[in-house]
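Before any comments, here is the structure.
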Amino acid sequence: MKERTLLPVAVIGVLVLWLATLGLWAVDAQKIEQSSRDWLPGEPVEATEWKLVTTWPKGLPGLGSAPENFARRVGEMSNGRLTVRVYGAGEVVPPFEVFDAVAHGVAEMGHGAAYYWKGKIPASVFYTAVPFGMTAQEMNGWLHYGGGLELWRELYAPFGVRPFAGGSTGVQMAGWFNRELKSAADLDGLKMRIPGLAGEVFAASGGTAVRLAGGEIYTSMQTGVIDAVEWVGPYNDRTLGLMEVAEYYYYPGWHEPGAMLEFTVNQDAFDQLPQDLQAIVEGAARATNQDMLDEFTARNNQSLTALLTEHSTKLRPLPDDVLDVLYINAVSALERLKADDPMAQKIAASYEDFLEGVRRYHEISERAYLNARDRVLPPISFTDQ
């Protein structure tokens, strides 16, 4: 009799335990389902919207597509929780006021070139280009693994701005000239659009440096306001139509061997984002930085061919004595900058130390390989020269 009594009790206990387990499973499943619904793509989410102002004309390929690509990446990675609306030069603020707009919260972000703020922040030139300095590959190494980015953020911190690397064009061209350069004497009196530290170098070499935004370059060359212009390279130069207003196209880009662009973010706006969105901003900037270099590497090839075959462009190397005088004056300009600005001196110490080390390695890697390749492959020739 006792065994018969205990059996129903045991069965009831198992049933109760089973029902309790089912209940807990149902609650957990409901939570998981709700959580999944919260993160399904396309579901309405509470969104933060940022304005991104640029120094480039709206729709400009290459330079102008980088901020658009950044905005797209942020939107996709955040599932719409952070949207970035891009404005071209002049749509919200003039191109040379982008940094101030970000610093004062007029816009949460900017995209441009750090040397545009040289008058306000002299050491900013290190974060676009140093004449006869590092290439894009070397700059990226210094920024992300050599302490350069930390110094950049220290430089901008007093303004409440947080910088990120925002793309690179690679080695640029020396520029477009409306007359042939046969010697350094031909620089005398030449008016050239050339910004940053290179502008000082050019002026010390006998020319006149003129500061112009991208949207003003074509007309200034066409009307004779300037005699020469450096812009970027074949891809963006062709887009701007510079082959229509100048005949001679010189190389190499001594002034911008690895021109680095920047994303600037208002620090308060960045701090208000949750950690995952901060990581998305950083990741999207890093991806866009590499993507721009990839694009310019591919597009410059195609555009140079078009400039030489479809137009009357005369491709020329800079004479050696021109490069010599430019280098001498570049050294002097850099020394003056370091003497006048403690932060420039601090950044220069890091920059120059990294450059010395990377040059040493590249002598037996990049340069040695290119020399070996040129030795066995057919030589490159340009029929115009």
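Please treat every number below as a calculation from the coordinates, not as lab data. Quick caveat: nothing in here was measured; it's all calculated off a predicted structure. Virtual Cβ from ideal backbone geometry, glycine too; neighbours counted across all protein chains shown.
The modelled label-to-label distance between D186 and R153, using points 7 Å beyond Cα along the C-beta direction, is 4.7 nm. Taking 18 Å as the cut-off for C-alpha to C-alpha distance, list the pairs among K58/K120; K182/K314; K120/K338 that go past it. Violating the 18 Å limit, Cα to Cα: K58/K120.
Coupling constants for region 273-285 follow from the phi torsions by the Karplus curve (6.51 cos²θ - 1.76 cosθ + 1.60, θ = phi - 60°), and in residue order they are 6, x, 4, 5, 6, 4, 5, 5, 4, 5, x, 5, 5 Hz; glycine and proline get x. Coupling constants for region 101-110 follow from the phi torsions by the Karplus curve (6.51 cos²θ - 1.76 cosθ + 1.60, θ = phi - 60°), and in residue order they are 4, 6, 4, 8, x, 5, 9, 6, 9, x Hz; glycine and proline get x. What number comes out for the charge environment of V161, summing +1 per Lys or Arg and -1 per Asp or Glu over other residues with Cβ under 12 Å away? Residues close to V161 contribute a combined charge of -2.
Counting neighbouring beta carbons within 10 Å and listing from fewest to most, the residues S65, S168 come out as S65, S168. Computing FRET efficiency as 1/(1 + (r/R0)^6) for D276 and K120, where r is the C-beta to C-beta distance and R0 is 35 Å, gives about 0.60. Taking amide H as placed 1.01 Å from N in the peptide plane, the amide H of L318 sits under 5 Å from that of Y251, each at least 5 places away or on another chain.
Couplings 3J(HN,Hα) for region 72-84, derived from phi with the Karplus relation 6.51 cos²θ - 1.76 cosθ + 1.60 (θ = phi - 60°), are 4, 4, 4, x, 5, 5, 8, 6, x, 6, 10, 10, 10 Hz, where x marks Gly and Pro. Once the Cα-Cα distance is subtracted from the 0.36 nm per residue extended length, the E216 to K346 segment shows a gain of 43.3 nm. Applying a DSSP loop filter and a limit of 16 other Cβ atoms within 10 Å to the GluC sites (Glu not before Pro) in region 191-249 leaves E247.
Relative to the current alpha-carbon distance between E76 and E91, full extension at 0.36 nm per residue lengthens the span by 2.9 nm.
Across the chain, Cα pairs under 8 Å and at least six residues apart give a relative contact order of 21 percent.
Taking trypsin sites (Lys or Arg not before Pro) as exposed when DSSP calls them loop and at most 14 other C-beta atoms lie within 10 angstrom, the chain has its longest site-free stretch at 212-385. Available extension along the chain between Y251 and Y369 is 40.3 nm, counting 0.36 nm per residue and deducting the alpha carbon span. Each of L377, S303, T288 was scored by the projection of its Cα onto the charge dipole of region 251-385, and the greatest displacement toward the positive side belongs to L377; charges sit on the C-beta of Lys, Arg, Asp and Glu.
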